[in-house]
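Input: a single structure, listed below in structure tokens.
Quick note: the coordinates plus some simple rules give every number you see, no bench work behind them. Quick caveat, the model's predicted, so the values are computed rather than measured. Backbone-built Cβ (ideal geometry, glycine too); neighbour counts: all protein chains shown.
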Amino acid sequence: MLRLTGHDGCFAASAALLTSHARRLRGGGGIAMILAAGCAWLPYAAPAHAAGDDVTDPRQMAEFNTIVVTGTRTEKLLSDTPVRTEVVTHEELERTHARTLKQALEDVPGLLITEVHGKPGFEVSMQGLSSDEVLVLIDGLPITASTGSTVDLSQYLAGGIDHIEVIKGAASAQYGSSAMGGVINVITRRIQPGLSGQVEGDLGSHVQQNPSGEAWDPAVKHVRGRVEGGSETWRFRFDGDGLSDQGFATEPSAWTREGAKLRRGQVEARGEWHPNDDSEVWLAGNHYRELNRQRFELFLPPSRVPRHNDENVTRERLTWGGHWQNAAGLRTSLRGVTERYHTTTDEFSNDSLSATRTARMGTDHVTAQVDLPAWYRQLWQFGTTFHHETLKQSVNGVSELASGRATRTAYELFTQDDVLFDERWELVLGVRWQHDSDFGPHAAPKAGLRFTLVDSANWNALLRASIGQGYRVPNLKERHFRFDHSSLGYVVIGNPNLKPESSTSFQFGGQVARHGMFSLDVNLFANRVNNLIQVDEANAPVVGGITQFTYGNVARARTWGVEGVAVWHLLATLDLRAGYTWMHTRNRDTGTELTRRPHHNGRLGVDWQALPNTALTLRARLQSGELVSASPDSTVPSGRSPGWATLDAIVNQQLGTHTTVYAAVDNLLNRQRAFDNPNDFGPQAGRLIRVGLRHDFGHSP
């Protein structure tokens, strides 16, 4: 029995906790819990073991010791975190050769990834809450949204990612506004001493939809490289990542391109100072550049007018931080980000410039945290955050904001108490208080509970439950941004009179696993939202032939459902995985269904080590139809998007120890939306064939 008896015993208590975890790992409970979480795709399946067999294989132990930080903002074994966390592992990223954050996330069960309306990008939603309500972080620090609120997942290239942690629902008190629907935390790679690196390149073809009209023309090109290393004290890393896509067209000879032509590039440099094993100071700079062109036609009777938009995007991101821990176990950390996002869009009609629109967004964010040593079975945490945002927007040099510039400043305090009753029971209590410059103060409490039912050499079972209040102030885009697509027949105008959203999130789940064979994770969720913010489609006036949409607090809403993930290690070389989400949504004021929230969402995966150096990976995605628009007139039919299914196939061939060649077919079934149907929101791109090579070099001690 572990006992924590105050400051004198805190260091011994920490050691005892680690020893306890180690015993559980050696007994097989740790692997079962991790597999039951449904968060890691194992590179190879482990065979079943009889009771009493030695299961301390080093390769398996690496999987057992998955460390996550997002749920409680402290390092914990995935199996021990009281907040349900799903993980996209480094092995999964290398197996699928994800090039962007969008591609890295699209196989996570329950995540909905959709196009950013009117732009060549993608956004994410979960549990029926929109992308504006999901907080996307890099190493715990926020990303500036591409249009003032929604983070474009395709604008973060995946070369520097180690793994990704996903929290669904408002279950953590650590992140404040914008985390009402959940948190996606991108964890970058830790730099190891020595010298190592990686280079990778691939070519892809949209086949018959290549704009050139040549099926085997390499319309998609991607290259990235990394070099890192150093000593035990000083370390460095340089990353470069570039992607070029000529776009695609259902009729290559026509003017219109359904897929935008784009070039994306990202470079990053990072330096670290490690004065001792318990301290670190780091500084990183990231530069992103994107050029994209959208080509379309606008029908102006009696003819169709060719139009195109050229967008130039730059993002400059500087991050810094450090953490220190003394001999008594007191840990302090401080980190921050300064980011500037600038976009210029030139609009052309018949190759004549008709308008130039610019937007400049800035984010300054600093957070400090103190973790106290273990004290009477409790782990206390205190922190504070400063957050400042700015927005400027103009068209043809004239500001579109009444004040010329919109700003928002927030100050936040948070505290958490992690109560370790014993090895079976853990309770996390937290509260976050924030004061917003425009909306005043607000406090949001959260609580999470973990109970281990069974923890033996062969079986493991546990329960998790959490309840939390979410809170989100209207962002600058929703209050001030003018999203002008007059060329397409509509504009979206910000509403400065919006009220903050609030929610209550319930999560309850269970996990059961048979060591080395299978695991099952089931989670029930419910979210109740007040003052839901979304585009008010029902009351949009038409002025001069242009539909003028605006944001509004349109409803009280409710979303609920069930998520399940099953992992089956069928053979020593074959892993199967299935994830399914059923979701139901309601406008609590009208009783109608919420738009763009499909009832059914599924993910299927197969990893087969066909030969010692040859691996086959299959990833299937399935989604039911969804409501696109609901007319207030009951005699007018509602628009619905049809369901769809896609399948990706990847073959990785190992050449020696350090080189891998691969061939992949994305959207093998070639399921593509009908572009002449405005209610079809199925997959945008059809089949893409790509081949590539990855080579690792150097070594780390």
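Only Cα pairs under 8 Å and 6+ residues apart enter the sum, and on that basis the relative contact order of the stretch 109-250 stands at 19 percent. For the chain, the tally of Lys pairs with Cα-Cα distances below 14 Å comes to 5, considering only residues 8 or more apart or on different chains. Other residues whose C-beta falls under 14 angstrom from the C-beta of L334 contribute a net charge of 0, scoring Lys and Arg +1 and Asp and Glu -1.
Each part reduced to its alpha carbon centroid, the stretch 209-271 and the stretch 437-472 end up 39 Å apart. Between helix 10-27 and the chain there is an angle of about 80 degrees, using the helix long axis and the longest principal axis of the Cα atoms. Karplus-based coupling profile of the stretch 465-472, in residue order and whole Hz: 9, 8, 9, x, 9, x, 8, 9, with θ = phi - 60° in 6.51 cos²θ - 1.76 cosθ + 1.60 and x standing for Gly or Pro. Taking the average, over residues, of other Cβ atoms within 10 Å as the packing measure, peptides 640-652, 177-189 rank 177-189, 640-652 from highest down. For the stretch 94-233, evaluate the Debye formula with one uniform point scatterer on each Cα (no solvent term) and list log10 I(q)/I(0) at q = 0.22 Å⁻¹, rounded to two decimals. Here log10 of I(q) over I(0) equals -1.32.
Working ranking of peptides 352-362, 136-146 by packing, defined as the average number of other Cβ atoms within 10 Å per residue, highest first, is 136-146, 352-362. Per-residue 3J(HN,Hα) values for the stretch 383-392, derived from phi via the Karplus relation 6.51 cos²θ - 1.76 cosθ + 1.60 with θ = phi - 60°, read x, 8, 9, 10, 9, 9, 10, 9, 9, 10 Hz in sequence order (x marks Gly and Pro).
Each peptide among 109-115, 541-547 gets the average number of other Cβ atoms lying within 10 Å of its residues, and from highest to lowest they stand as 109-115, 541-547. Expressed as a whole percent, the proportion of Cα-Cα pairs in the stretch 7-699 lying more than 36 Å apart is 41%. The local environment of T390, defined by Cβ-Cβ distances under 10 Å, has a net charge of +3 under the rule Lys, Arg +1 and Asp, Glu -1. Cα convex hull, the stretch 470-532: 163 Å³ per residue, rounded to a whole number. For the stretch 536-600, the spread of Cα coordinates along the three principal axes comes to 66, 27, 14 Å, biggest extent given first. At q = 0.16, 0.25 Å⁻¹ the log10 of I(q)/I(0) for the stretch 284-342 amounts to -0.72, -0.97, computed by Debye summation with a single uniform scatterer per C-alpha, solvent ignored. With the helix formula -39500 (n - 2.57) applied to DSSP H stretches of n ≥ 4, the chain reaches a computed 222 nm mean residue ellipticity of -2000 deg cm²/dmol. The mean sequence separation of alpha-carbon pairs under 8 Å and at least six residues apart, normalised by the residue count of the chain, gives a relative contact order of 13 percent. Couplings 3J(HN,Hα) for the stretch 569-577, derived from phi with the Karplus relation 6.51 cos²θ - 1.76 cosθ + 1.60 (θ = phi - 60°), are 8, 5, 9, 5, 10, 9, 10, 10, 8 Hz, where x marks Gly and Pro.
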